[in-house]
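Read the structure below first, then the notes.
The values are calculated or read from the model by the stated rules, or taken from the named source; none is laboratory data. Computed from a predicted structure; not experimentally measured. Every residue, glycine among them, receives a Cβ derived from its backbone with ideal geometry; neighbour counts consider all protein chains shown. Side chains are part of the model used for accessible areas, which takes the heavy atoms of the whole protein and leaves out ligands, DNA and RNA. Shrake-Rupley method; radii C 1.70, N 1.55, O 1.52, S 1.80 Å.
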Amino acid sequence: MSIDSTDAPGEAAAESPGEPSPRPVVKMSSGGKIAGITVTLLCALLMFATTAVGNDSWFPFAPMRMFATAANPNGIIEILRVEAVNENGQRMLLSQENSGIRWAEVDGQRDAMAEDPELVKTLADAYAHHGPKKPALIAVEILVSNYYLENGSLTGRCETVLAASWYVGEPPPPRTVRSVPPRASGG
């Protein structure tokens with residue numbers, strides 16, 4: 001007697017030679033369901049409660065204000081970049097791709113790096129570690145470009161400030177500063 005697969009698909013699949021039998025469906029126990037719902041509700045409660053108080057360092061249980069605020073329409077937009085000079089005299093931008101360091105890490109340590117050039121040297125060390133066959137860095141500069149806004153639009157005025165630096169020996173020749181406005185999003 002043959003079993004029609006349309007009438008009993010589970011049985012037909014089990015009788016097929018060489019085919020693995022389907023895995024049984026495991027249902028969550030009522031205790032597991034209660035635990036899952038409790039953890040979900042606790043996390044949601046923490047996120048909502050800490051939105052009223054707290055700061056970004058409490059992530060993920062925080063208001064994350066950095067994403068919830070806009071720049072002053074008559075203020076300044078700061079854009080941080082890290083430039084380096086290698087032993088061949090070539091100036092380049094340090095990026096996450098060539099150093100492995102994220103901008104947020106540099107920006108978060110900017111004040112400490114301004115006080116201690118050895119902290120800036122860690123960026124050169126990260127670059128060397130990330131690409132050991134590349135020419136060594138002899139200078140690293142953390143630069144902040146301040147773009148001025150008026151009524152939410154760029155004024156064309158930009159000032160670049162050296163926020164922190166590290167050099168082997170004497171500082172390299174000054175860089176050529178180009179004022180390129182940042183890409184504006186929305187109006």
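Among the residues of the range 1-48, those that are more than 30 Å from Pro63 (Cβ to Cβ), at pLDDT 85 or above and polar (S, T, N, Q) comprise Ser29, Ser30. Being out of contact with any helix residue (DSSP H, G or I) (no Cβ under 9 Å at 6 or more places or on another chain), among the aliphatic types (A, V, I, L, M) and exposed (fewer than 12 other Cβ atoms within 10 Å of the Cβ) is true of Ala104. Listed by first and then second residue, the pairs with beta-carbon distance under 7 Å, at least 6 apart or on different chains, first residue in the range 72-85 and acidic (Asp, Glu), second assigned to a strand (DSSP E or B) and open to solvent by 70 Å² or more (accessible area, probe 1.4 Å), are Glu83/Arg91; Glu83/Leu93.
Taking the range 96-107 as the range and being within 11 Å of Leu123 (Cβ to Cβ) and in a loop (DSSP other than H, G, I, E, B) as the test, the residues that pass are Gly100, Ile101.
Selection of the range 122-160 for residues being among the basic types (Lys, Arg) and either open to solvent by less than 30 Å² (accessible area, probe 1.4 Å) or under 24 Å from Pro171 (Cβ atoms) (or both) yields only Lys134.
Total residues in the range 107-118 satisfying the condition of being within 22 Å of Ala136 (Cβ to Cβ) and surrounded by fewer than 17 Cβ atoms within 10 Å (Cβ to Cβ): the figure is 3.
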